[in-house]
Amino acid sequence: MRRLQQSLEWSAGLLLCLMVIVGFLQVFGRYTGLIFVPWTEEAARLLFLWVVWLGAAAAMTRAGHIRFDFVVDRLPAWLRRPCEVGVHAGTGVFLIVLAWYGYEVAQSQANSSYLTFPLSIKYAYLSGVVGSLLMLLALVGTVWVKWRRSAGETGGRP
Amino acid sequence: MTLLVLFGSFFLFLVIGMPVVFSMGLSTVVFLLLFGQGLPLTVIPHQMVAGVDNFPLLAIPFFFLAGELMNAVGITQRLVAFATAVVGHIRGGLAYVVIVTNVIMAGFSGTALADASATGSVLIPAMKRQGYGADFAAAVTAAAATIGPIIPPSIPMIIYAVVAEVSVGSLFLAGVIPGLLMGAYLFAVTYIISRRRGYPVQLRSTWRELVTATRRASWALMAPVIILGGILTGVVTPTEAGVLAVVYSLVVGFGVHRELKVRDLPGIFCRTAVGTAVIMIIVGASGVMGWLVANLRIGEAVVAGVTALTQSPWMILLLLNLFFLVVGCLMDPLAGMLIFIPVFMPLIKHVHIDPVHFGLVVVLNLMIGLLTPPVGYLLFMSAEMAGVSIDAVIREVAPLLAALLAVLAISTYWPAMVMAIPNLFQSVR
């Protein structure tokens, strides 16, 4: 799980670094006129999508997504457990829907290309598919760790 | 019934502890399965990606990154030294240092939590050492940090501008006067409290000390000038200003202060990428909800319902202020904005309220929400830094909160003040 977290954080960080370079090229080119790089805006947007989806998956590995825990933290333990199961199950269902239908959307865009460089727009939509699958992986990992821990505490009975 | 399913399921998921992004997403899945009438589920991934694929939103990671880099190069300590030299000699000096530092930091940072963390980590221990109450130190830190997203650049404002389809630059400019007013009002309340409690004063700085502190902080002081100046004059777009802010921070960090190390960069980039992603993924999910809200004509229903009660823009602003104050108390500000802005936008246009003015009012409301329980992130953060209970900070923050509410009232009912700078620069351009 830790390895997944680190590799996702590093990937998102690296893509962000590329985004800064591309953004700088755009500003530098526009204001100095020394270079003409027409593809910077579209490339920055594509990189941004991948930063967001990989970063979201990285956040998932450490339960870093924004949530409203005021009510659930005040529930009695016997009610908190079913809530937690419901949250994991609901999140899993949503991520499967997102990945499945996201792939369909990506396929439907296969023949559309970016205007300034020869790359299919499906790669923009694939960021969502890959991100959802990685979040699903992180979710399964989290549930597995919790299940193992709870099994350890109760002597083998989860 | 359809509305009840969409929003009811969303709040149910939220209350049981599901992250905001998945609560939004799953409620739209439930809605489409029950009432979609042939609408395919492909709408969800399509809108979630398309909602983020928007050039103005790229300013968010850039300003986020610039703020992180600035903090990493020891800017906070330099600004604190500068502010101490300027206002430290007034009774309760360090409390004003907190406010002044936040006002300046607001000019290059766009988030309240980052500002509270940067100033609080330096100034709360210093205030405690000098005999200020830890609860008061925490309260001033939390209240002053709300200025961050009001004075440009501002991450909540970028998100509002994209959702409401208004100019990011105009909204940024609309925040300048209210942001400075917040600083002035907090200053006044702090002055009264400090006099009453006899808080300590620092020795007045000599001219030489003042010049030295200003020179040491000059690169930090220049950052807001470059960012704001670029946007004010229309030389750069807000997104390009974000890029410039990053490049400027790197130049200052490596070339001038030489406090930034290459080995610091991976951590900063990774933190920024994940921090941005957590916000942007909600923006994407809200795109789906916003799309449904538009298609179900919920906005038009709100227009009909509210205008049946009152047609007065003043009354409607009062109602919306109360609504967003409650939302700010109960929800994460960005999530609250993303859910409700598409719902209220038709109403705002119907009663001819300027959407830029309304944007400032909404962001100010939601920042005040950061100071109120149960979801007052700033309260929790500053209480933890000061090592005091939330209750103690709530008691101390009350008069400061009253000052911010006064600024909210003025900003709401004096649109000419809010819009003075945007109108001025629009006419100049």
If one builds a Gaussian network model of chain A from Cα atoms under 10 Å apart, the most fluctuating residue listed among A:TRP78, A:TRP39, A:TRP144 is A:TRP78
Over the protein assembly as shown, what per residue volume does the convex hull of the Cα atoms give, in whole Å³? 169
Give the residue from B:VAL326, B:ALA142, B:ILE339 lying farthest towards the positive end of the charge dipole for chain B; charges sit on Cβ (+1 for Lys and Arg, -1 for Asp and Glu) and the dipole is referred to the Cα centre. B:ALA142
P(r) over all Cα-Cα pairs of the range B:155-236, 5 Å bins from 0 to the longest distance, whole percent per bin, short to long, reads 3, 11, 12, 14, 16, 16, 11, 9, 5, 2, 0
Mind putting a number on the dipole of the range A:2-153 about its Cα centre? Charges go on the C-beta only, +1 for Lys and Arg and -1 for Asp and Glu, and I need it in Debye to the nearest 20. 460
Where Lys and Arg each count +1 and Asp and Glu each count -1, what net charge lies around B:GLU240 among other residues with Cβ under 15 Å from its Cβ? +1
Using only protein heavy atoms and a 1.4 Å probe, how much accessible area in total is buried between A and B, to the nearest 100 Å²? 4800
Here the Cα Rg-to-2.2 N^0.38 Å ratio for the range A:2-153 is 1.33
Given unit charges at Cβ for Lys, Arg (+) and Asp, Glu (-), the dipole magnitude of the protein assembly as shown about its Cα centre in debye, nearest 20, is 1320
Contour minus Cα-Cα span, B:THR2 to B:ALA409, at 0.36 nm per residue, comes to 143.0 nm
How long are the semi-axes of the equivalent ellipsoid of the range B:229-362, taking √(5λ) for every eigenvalue λ of the Cα gyration tensor, in whole Å from largest down? 39, 18, 13
Pull up all non-local amide H partners of A:SER113: gap of 5 or more, or a different chain, and H-to-H distance under 5 Å with H placed in the peptide plane. A:ILE121
For B:LEU221, what charge total do you get from the other residues with a beta carbon under 12 Å from its beta carbon, if Lys and Arg give +1 and Asp and Glu give -1? +3
If we sort A:103-111, B:240-248, B:69-77, A:20-28 on the protection proxy, mean other Cβ atoms within 10 Å, highest first, what's the order? B:240-248, B:69-77, A:20-28, A:103-111
Shielding of A:128-137 by partner chains, average beta-carbon count, 10 Å: 2
Roughly how crowded by other chains is peptide A:29-38, in terms of the mean Cβ count from those chains within 10 Å of each of its Cβ atoms? 1
Tell me, what is the 1.4 Å probe accessible area of A:LYS122, in Å² to the nearest 10? 50
Can you give the relative contact order of chain B as a percent, counting alpha carbon pairs under 8 Å and 6+ residues apart? 25
Unit charges on C-beta of K, R, D, E only; dipole of the range B:288-429, Debye: 380
For the protein assembly as shown, with every protein chain kept in place, what is the accessible area per residue (1.4 Å probe, Å²)? 40
Using a 1.4 Å probe on the protein heavy atoms, what percent of the accessible area of chain B belongs to carbon and sulfur? 67
Over all directions, chain B yields a Cα convex hull whose mean projected area in nm² is 21.3
Efficiency of FRET between B:GLN426 and A:CYS83 - r from beta-carbon atoms, R0 56 angstrom, step 0.05: 0.65
Taking R0 as 35 Å and r as the Cβ-Cβ distance between A:GLN6 and B:PHE380, the FRET efficiency 1/(1 + (r/R0)^6), rounded to the nearest 0.05, comes to 0.80
Please compute, for peptide A:89-95, the average count of beta-carbon atoms on other protein chains lying within 10 Å of each residue's beta-carbon. 6
Using the eigenvalues of the Cα gyration tensor, what equivalent ellipsoid semi-axes result for the range B:352-429 when each is taken as the square root of five times the eigenvalue, whole Å, largest first? 33, 12, 10
Across B:VAL30, B:VAL327, B:VAL166, the residue with the highest GNM fluctuation in chain B (Cα network, 10 Å cutoff) is B:VAL30
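The values are calculated or read from the model by the stated rules, or taken from the named source; none is laboratory data. Just so you know, these numbers come straight off a predicted model, no measurement behind them. Glycine also receives a Cβ, built like all others from the backbone with ideal geometry; neighbour counts cover every protein chain displayed. Just the protein is used for accessible areas: all its heavy atoms, side chains included, with ligands, DNA and RNA removed. Shrake-Rupley method; radii C 1.70, N 1.55, O 1.52, S 1.80 Å.
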